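Take a look at the structure below.
The values are calculated or read from the model by the stated rules, or taken from the named source; none is laboratory data. Here the structure is a predicted model, which is why all the values come from computation and not from measurement. Because the Cβ atoms are built from the backbone with ideal geometry, glycine has one as well, and the counts that use them run over all protein chains shown. For accessibility, only protein heavy atoms count, side chains too; no ligands or nucleic acids. Shrake-Rupley method; radii C 1.70, N 1.55, O 1.52, S 1.80 Å.
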Amino acid sequence: MTITADVETLVRVCAVSDLEVERGSAALFGSTQIALFRLADGTLHAVSNRDPYTGAQVMSRGIVGTRDDAPTIASPLHKQVFDLRTGLCLDTKGAEPASLRVWAVVERDGDVLLDLTQELTQVVAEAA
């Protein structure tokens, strides 16, 4: 998936080197918590830190993995598995469907930049 972001709305979050590979980190923007992930293949992902099933701000502490070709994050509480690219829950563990919010994230000159004005979840939904 190609991510495009408006240069004027990008916000620097941290240096790429601040993110541990295959581990999550949390960033706070106003009252919104965002979980950031840097995967072994170098890709970056930004999703809501809020677990939609429990309301707890824990997704940055989840377990990174894959399901088929999808990079995933499993909630550390009840182990629901979410696609990091779309935010969709791939394994609801019997609960109602839910999803994580997803933001466009890019790397530029060693920095991690987020476009907080454009949730990728909305872009994916509008393209469908």
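A few notes on this one:
- On the beta carbon distance between residue 98 and residue 9, with R0 = 35 Å, the FRET formula returns roughly 0.80.
- With at most 12 neighbouring Cβ atoms within 10 Å, loop trypsin sites (Lys or Arg not before Pro) (DSSP) excluded, longest segment of the chain: 1-78
- Mean accessible surface per residue for segment 1-119, computed with a 1.4 Å probe while every protein chain stays in place, in Å²: 53
- Net charge of neighbours whose Cβ lies under 15 Å from the Cβ of residue 58, counting Lys and Arg as +1 and Asp and Glu as -1: +4
- Carbon/sulfur fraction of accessible area - the chain, other protein chains in place, 1.4 Å, %: 47
- Beta bridges by DSSP in segment 74-117, antiparallel share as percent, to the nearest 5: 100
- With only the Cα atoms considered, segment 21-61 has a convex hull volume of 59 Å³ per residue.
- At 1.567 mPa s and 4 °C, Stokes diffusion of the chain via Kirkwood alpha-carbon radius, µm² per second: 89
- Options 54, 105, 66, ranked by Cα towards positive dipole end of the chain, top entry (Cβ charges): 54
- For segment 49-107, the fraction of C-alpha pairs farther apart than 20 angstrom is 15 percent.
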